[in-house]
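What follows is a set of notes on a single structure, which appears directly below.
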C-alpha cells in the first residue's frame, strides 16, 4: 500500500489555511441538508464515506466506548443509516464561523454525531492506538473542551473541488487532520476490520493522509 502526504507537511498547509446503540430517528430540516455538488455550509448534517477499496463504509457511532473520557465507539458501517443518526455528523465551526457560512479547505471544525437526537458527541481522539500503523484511538466525547478542546477539532483538507475556489462541496473527497498537539493528532483513517456487531472497519488516526489506498479519504455526502 502506498503512502502520500506526511503529517508534518500537511500541518503547515492546514495552519495557513485555517487562519483565514438505538434511538428515535433524528429529524433533519431542509436547512440541515444540502444537494449534491452544493457548497458545504456550517450547520449542515453530512455523511462521510471512506474510500478504502472504493467502499470502506460510512463513519458511524456504534455502542458505548470503554476509553476513559469517551462516550461512543466509532467505526464504519455498510450504510449511513445503521442506527438512527449513527452515520450522520453535523458540521460546526471550531473558530466561531456562523451556521450558513461556507466551509473552506483548511477550516477547523467539530463533527457532532446525530445519534440520540443529535447528542452522540463530538468526534474525538483518545489515547494511543495499538493497531499496526495507527496513531490515536477515535471515539466520541460529550465535552467540546476535553484536552483543552484540541482532540475534538479537525482540519478539513479538500483534495479538489469544482470550481477550485477553496470552498468544500458535497461529493468532494477530504482528509481530516486532528488538532491534538497543534495538528499532530493524525489523519482520520480506517485500519482493519472491526468485530463490533454491525461494524465494518476499525477507525483510528494515522501519520499519513492515506496510510493505505483510500484509508484516509472520506467522501462527503448527505442523506
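The values are calculated or read from the model by the stated rules, or taken from the named source; none is laboratory data. This is a predicted model, so every value here is computed, not measured. Positions of Cβ are generated from backbone atoms using ideal geometry, with glycine treated the same way; all protein chains shown enter the neighbour counts.
Annotations
- The criterion of being in contact with a helix residue (DSSP H, G or I) (Cβ under 6 Å, 6 or more places away or on another chain), under 20 Å from residue 208 (Cα atoms), surrounded by 20 or more Cβ atoms within 10 Å (Cβ to Cβ) and at pLDDT 95 or above holds for residue 179.
- A count restricted to region 83-101 and to residues that are assigned to a loop (DSSP other than H, G, I, E, B) and either touching a helix residue (DSSP H, G or I) at 6+ places or on another chain (Cβ under 9 Å) or more than 27 Å from residue 182 (Cβ to Cβ) (or both) stands at 10.
- The set of residues in region 192-212 being buried (at least 23 other Cβ atoms within 10 Å of the Cβ), in a loop (DSSP other than H, G, I, E, B) and out of contact with any helix residue (DSSP H, G or I) (no Cβ under 9 Å at 6 or more places or on another chain) consists of 200, 211.
- Candidate set: region 54-82, residues that are in contact with a helix residue (DSSP H, G or I) (Cβ under 8 Å, 6 or more places away or on another chain) and crowded, with 21+ Cβ neighbours inside 10 Å; chosen: the one nearest to residue 39 (Cα to Cα): 61
For (1) under 23 Å from residue 103 (Cα atoms); (2) part of a strand (DSSP E or B); (3) over 16 Å from the mean Cα position of the chain (by Cα), each residue gets a yes or a no:
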site	(1), (2), (3)
125	yes, yes, no
150	yes, no, no
156	yes, yes, no
190	no, yes, no
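- Any chance residue 215 is touching a strand residue (DSSP E or B) at 6+ places or on another chain (Cβ under 8 Å), crowded, with 22+ Cβ neighbours inside 10 Å and assigned to a strand (DSSP E or B): no
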